[in-house]
1. Starting from the Cα-Cα distance between SER79 and VAL2, subtract it from 0.36 nm times their residue separation and give me the gain in nm to one decimal.
2. FRET efficiency for HIS41 and PHE98, Cβ-Cβ distance as r, R0 = 22 Å, nearest 0.05?
3. Provide the gained length on full extension for the span LEU28 to VAL11, in nm with one decimal, where the gain is 0.36 nm per separating residue minus the Cα-Cα distance.
4. What are the aspartates and glutamates whose alpha-carbon lies under 14 Å from the alpha-carbon of LYS70, with same-chain residues fewer than 8 places away excluded?
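Read the figures in this text as sums done on the coordinates, not as results from a lab. Worth saying up front: this structure is predicted, and the values here are computed from it rather than measured. A quick note on method: Cβ atoms are made from the backbone with ideal geometry, for glycine too, and the neighbour counts reach across all protein chains shown.
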Amino acid sequence: MVEKCLLCGEVRRKGSVSLHKFPRDDDLRKQWIKFCKLNEHTDDVRNIKLCSNHFKEDSFMGYPCTGYPKLLRSNAVPSLYFNKKGKTLQELTLLRLFLLLRRD
Ligand SMILES: [Zn+2]
């Protein structure tokens, strides 16, 4: 199965987009869950990932360079709904529901 971003369906592409698992830290994970409008009690986020499009540049360690997966800071919280293709929040929400429904 191809790994995709929950919010925008972005797949991992070398050098441009990285996918990030939900954090283990409870408080931090709740912030991610809230951002994604998921339910912390019913949604299993262990297999869900978000792409780097939803984090500000200062959420990442160091500077982007070739061949990275970007390293997300341990306290980073997603804050951007729009991806680089300019999808609207409504489109992203529909896509997210679609991905959730398809989840095994
Ligand atoms: Zn994304």
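1. On the way: separation 77, 0.36 × 77 = 27.72 nm, distance 2.42 nm.
Full extension from SER79 to VAL2 adds 25.3 nm.
2. Working: r = 22 Å, r/R0 = 1.01.
E(calc), rounded to 0.05, equals 0.50.
3. Values: separation 17, 0.36 × 17 = 6.12 nm, distance 2.34 nm.
Taking LEU28 through VAL11 to full extension adds about 3.8 nm, to one decimal.
4. Once the sequence-local aspartates and glutamates are set aside, what remains near LYS70 is GLU57, ASP58.
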